[in-house]
Structure formats: structure tokens, C-alpha cells
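K.L.:
One structure, pasted below without further comment.
The values are calculated or read from the model by the stated rules, or taken from the named source; none is laboratory data. Every value quoted in this text rests on a predicted model; they were computed, and no experiment measured them. Glycine also receives a Cβ, built like all others from the backbone with ideal geometry; neighbour counts cover every protein chain displayed. Ligands, DNA and RNA are stripped out before the accessible areas are found, and what is left, the full protein with its side chains, is counted by its heavy atoms. Shrake-Rupley method; radii C 1.70, N 1.55, O 1.52, S 1.80 Å.
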Amino acid sequence: AAVDISAIVMLTELTMTTIGHGSSRALCAAYFPDQLGASLKLAGGISVTCVHKTRLSESLLFRQLEVVCPIPQQAQQKRLWVNHYKVADWPDYGVPKDSVAVRALSHALDGCRRAGCKIVVHCSAGVGRTGTFIGGLDS
């Protein structure tokens, strides 16, 4: 069964360009559309549409996503609204140049956390930036 997620925190870029080589490698699958009003079709008939997009700080981008999922064995669909926060400029194996985006993100998630909303946090590997952010939420 699908879990009703209220927010997704993305602590990675989709790709990383290798300095000196000019090549890039994927760090994360594109599971959301980048442009306002755009839709993306995913496996299983899931559709994701970007219905709102704004910059909360220089390095923090907010999107509201509408996720439509078919319900198996029924002629219905489930519609979810997911808040998506993307922190830019947090390098792999490094630290952000300042704490503005991380503090703004923590503040944006406060109400959601107090209400018991389900939040998914991810980076490219799932241990470094993700663990650092989650560990800092309770301090």
C-alpha cells in the first residue's frame, strides 16, 4: 500500500559534472518535473505535476507536486499533494557554503513535523547528507 507522504527533502542534484572531464554522472533519478505546470509520467501509471514553484532562499527551492496514482483493481485514482524541498549547493563529501538553506528548510518543516506528517529525506547515497540533516532535526 502507498504511504501518504507530506513532504520530500532532496539534498542532492540530479547529476554531477566531473571537473576536468566535462562528463556528468547521475546522482538521482528525475522523479519530478522541473518546470511549473509540467507533468512527468512514472512507472505504474503514476503522474507527477509541478503545480507551484518558488525559491525560499538562494539555495532552497520549493515545489508543490500533485501526484496521481491509479488504485489497483479499482477504476479510481488517488491524488496526493506533496511539498518538495530541494537544497542546492550541498556538495557530496562536503558542507554547504552557509547554513541559510538548511535553517530555512528546518523552519519550513516545523509545522509538518509537529502535525506528525510523513517526511522523506534523500541525498544521492542516503547516508551522508541525509543522516546529517535528520540527525540535526532533533537537536
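K.L.:
So residue 27 clears everything in (1) free of Cβ contacts under 8 Å to residues at least 40 places away in the same chain; (2) over 13 Å from residue 9 (Cβ atoms) except one condition, right? Which one?
P.N.:
Residue 27 satisfies all of (1) free of Cβ contacts under 8 Å to residues at least 40 places away in the same chain; (2) over 13 Å from residue 9 (Cβ atoms) except (1).
K.L.:
Determine whether segment 70-84 contains at least one residue that is loosely packed, with under 13 Cβ neighbours inside 10 Å and among the charged types (D, E, K, R).
P.N.:
yes
K.L.:
Within segment 70-89, is there a residue that is of a type in the set (Asp, Glu), more than 26 Å from residue 4 (Cβ to Cβ), over 16 Å from the mean Cα position of the chain (by Cα) and in a loop (DSSP other than H, G, I, E, B)?
P.N.:
Checked segment 70-89: no residue is of a type in the set (Asp, Glu), more than 26 Å from residue 4 (Cβ to Cβ), over 16 Å from the mean Cα position of the chain (by Cα) and in a loop (DSSP other than H, G, I, E, B).
K.L.:
Just checking, how many residues over segment 99-110 are loosely packed, with under 14 Cβ neighbours inside 10 Å and touching a residue at least 12 places away in the same chain (Cβ under 8 Å)?
P.N.:
Adding up the residues that qualify gives 0.
K.L.:
A further question on this structure: For residues that are under 16 Å from residue 82 (Cα atoms) and open to solvent by less than 70 Å² (accessible area, probe 1.4 Å), scanning just segment 15-38, find the one that is modelled with the lowest pLDDT.
P.N.:
Across segment 15-38, the extreme among qualifying residues is 30.
K.L.:
State whether one or more residues within segment 126-137 are open to solvent by less than 50 Å² (accessible area, probe 1.4 Å), modelled with pLDDT under 85, under 19 Å from residue 5 (Cβ atoms) and aliphatic (A, V, I, L, M).
P.N.:
Scanning segment 126-137 turns up at least one residue that is open to solvent by less than 50 Å² (accessible area, probe 1.4 Å), modelled with pLDDT under 85, under 19 Å from residue 5 (Cβ atoms) and aliphatic (A, V, I, L, M).
K.L.:
Scanning segment 39-69 for residues that are open to solvent by 30 Å² or more (accessible area, probe 1.4 Å) and among the aliphatic types (A, V, I, L, M), which turns out farthest from residue 122 (Cα to Cα)?
P.N.:
So the residue we want is 51.
K.L.:
Among the residues of segment 111-121, is there at least one that is part of a strand (DSSP E or B) and exposed (fewer than 14 other Cβ atoms within 10 Å of the Cβ)?
P.N.:
no
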